[in-house]
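S.K.: Questions regarding the structure given below will be posed in turn.
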Amino acid sequence: MAFGIKLPDPSAFPAAYRQQFNELGYVRIPGFINADEVAMIHENLNRVIAEVVPTRPVNDVFYDDKTDKSSLKQLIRLYQYDDFFEQLYLKSRFFELAEFLLGRFVVGRNMQYFNKPPGVGQATPPHQDGYYAKLAPIEGMTMWLALEDVDEENGCVRYINGSHQRGIRPHGKTGTLGFSQGITDYSDEDRAAEVCMNAQPGDLLVHHALTIHRADANQSADRSRKALGFIYYWARAREDEAAAKKYQEELTKEMIAKGKL
Ligand SMILES: O=C(O)CCC(=O)C(=O)O
């Protein structure tokens, strides 16, 4: 094709993935990567945590208890400081799947590492990722790759079917580092509609940027809950830069004042 242009391939993945993503607001893909690939990700995460994390600023690295390094809960913008994660994010099957599901060209907005260490791993408040992004239109997705067994005990992600079709809900401050905004009118009806997404290492969950989701705290005695998040948006979505900058500055100030950063 002229100029080497490569359009998103409509036959790259089963059509059922897109159908489920559009209807439910998420799709679960068991075994999206194999055991060797999962092992490679763990190996690279261990390397980054040992060698790179000590050099990163406080707003890239979140702990449940900042005096305890074993309580590491989140690494933000992982692809911006490591070659392995940059390739995994932007030159991989994950990126191709994002274009396939959206049916449009996408750009990467953030890649994160999530953990809920046993004993200290906090709940993830109900929210919609699109609220955080400060983008218009809200056409995008988050991929959530399980790196360990995940279930009700250690904090499965919970989705509400079809919630991506009902617009943005009101959000307010939660005081939770890494998930500072949550839905303020989350109801018993919402809770009753939740679906817990059990997962095994290598399974991929993909949710639309408007899909409502949350996760409980890790209540297990000794199991962590490690995952990677890949966030992609339609390349044409525009950022409200002033709003995004103001939000980020306020957030960092608030978290430092509370002693969380
Ligand atoms: O890992 C979690 O608990 C939640 C992740 C999440 O909310 C997200 O990826 O948008």
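A short reminder: the numbers here are calculations on the coordinates, not readings from a lab. A quick note: this is a predicted structure, and the numbers were derived from the prediction, not measured. Please note: Cβ atoms are built from the backbone with ideal geometry, for glycine as well, and neighbour counts cover all protein chains shown.
S.K.: Which of Val38, Val107, Val206 comes first, and how do the rest follow, when ranked by fewest Cβ neighbours within 10 Å?
M.R.: So the ranking, lowest neighbour count to highest, is Val107, Val38, Val206.
S.K.: I'd like the distance separating the alpha-carbon centroids of the stretch 32-102 and the stretch 153-168, in whole Å.
M.R.: Cα centres, the stretch 32-102 to the stretch 153-168: 23 Å.
S.K.: Pop out the ³J(HN,Hα) list for the stretch 191-206 in order, Karplus 6.51 cos²θ - 1.76 cosθ + 1.60 with θ = phi - 60°, rounded to Hz; leave Gly and Pro as x.
M.R.: 4, 5, 8, 5, 10, 7, 9, 4, 8, 10, x, x, 6, 10, 10, 10
S.K.: Quick one: the Cα spread of the stretch 9-257 along its three principal axes, in angstroms, biggest first?
M.R.: Taking max minus min along each principal axis of the Cα atoms, the stretch 9-257 gives 47, 42, 37 Å.
S.K.: Moving to a separate point now. Read phi for every residue in the stretch 154-169 and hand back ³J(HN,Hα) as whole Hz from Karplus 6.51 cos²θ - 1.76 cosθ + 1.60, θ = phi - 60°, with x for Gly and Pro.
M.R.: With the stated coefficients, the stretch 154-169 comes to 9, x, 4, 6, 10, 10, 10, 4, x, 5, 6, 9, 10, x, 8, 8 Hz.
S.K.: Going by amide H atoms built from the backbone, whose H comes under 5 Å of the H on His171, apart from near neighbours?
M.R.: Thr184
S.K.: Another question about this same structure. Run the Debye formula on the Cα coordinates of the stretch 112-235, all scatterers equal and no solvent, and tell me log10 I(q)/I(0) at q = 0.15, 0.18, 0.19 1/Å.
M.R.: -0.66, -0.97, -1.09
S.K.: Search the structure for amide H atoms under 5 Å from the amide H of Lys73, placed 1.01 Å from N in the peptide plane, and list their residues when 5 or more places away or on another chain.
M.R.: When sequence neighbours closer than 5 places are left aside, the close amide H contacts are Phe62, Tyr63, Asp64.
S.K.: Report, in listed order, any pair from Lys73/Lys226; Lys66/Lys258; Lys116/Lys246; Lys69/Lys173; Lys6/Lys134 with a Cα-Cα distance greater than 19 Å.
M.R.: Lys116/Lys246; Lys69/Lys173; Lys6/Lys134
S.K.: Same structure again: Comparing Thr67, Thr184, Thr211, which has the greatest mean-square fluctuation in the GNM of the chain with Cα pairs linked when under 10 Å apart?
M.R.: Maximum among the listed residues: Thr67.
S.K.: Per-residue ellipticity at 222 nm for the chain, helices alone: DSSP H runs ≥ 4 residues times -39500 (n - 2.57), over residue total, nearest 500 deg cm²/dmol?
M.R.: My calculation for the chain gives -7500 deg cm²/dmol from helical runs alone.
S.K.: Normalised by the number of residues in the chain, what is the relative contact order in percent for Cα pairs under 8 Å and 6+ residues apart?
M.R.: Relative CO of the chain lands at 29 percent.
S.K.: Between Asp190, Asp222, Asp203, where does the largest GNM mean-square fluctuation fall for the chain, given springs only between Cα atoms within less than 10 Å?
M.R.: Comparing Asp190, Asp222, Asp203 in a Gaussian network model of the chain, the most mobile one is Asp222.
S.K.: Across the stretch 229-240, in residue order, what do the Karplus-derived ³J(HN,Hα) couplings come to in whole Hz, using 6.51 cos²θ - 1.76 cosθ + 1.60 with θ = phi - 60° and x for Gly and Pro?
M.R.: x, 10, 10, 10, 10, 3, 4, 8, 5, 9, 8, 7
S.K.: Go through the stretch 214-261 and name the chymotrypsin sites (Phe, Trp or Tyr not before Pro) that are in a DSSP coil and have 16 or fewer other Cβ atoms within 10 Å of their Cβ.
M.R.: Loop-located and lightly packed - none at all.
S.K.: Arranged from highest to lowest average of other beta-carbon atoms within 10 Å per residue, in what order do the peptides 55-62, 154-161 appear?
M.R.: 154-161, 55-62
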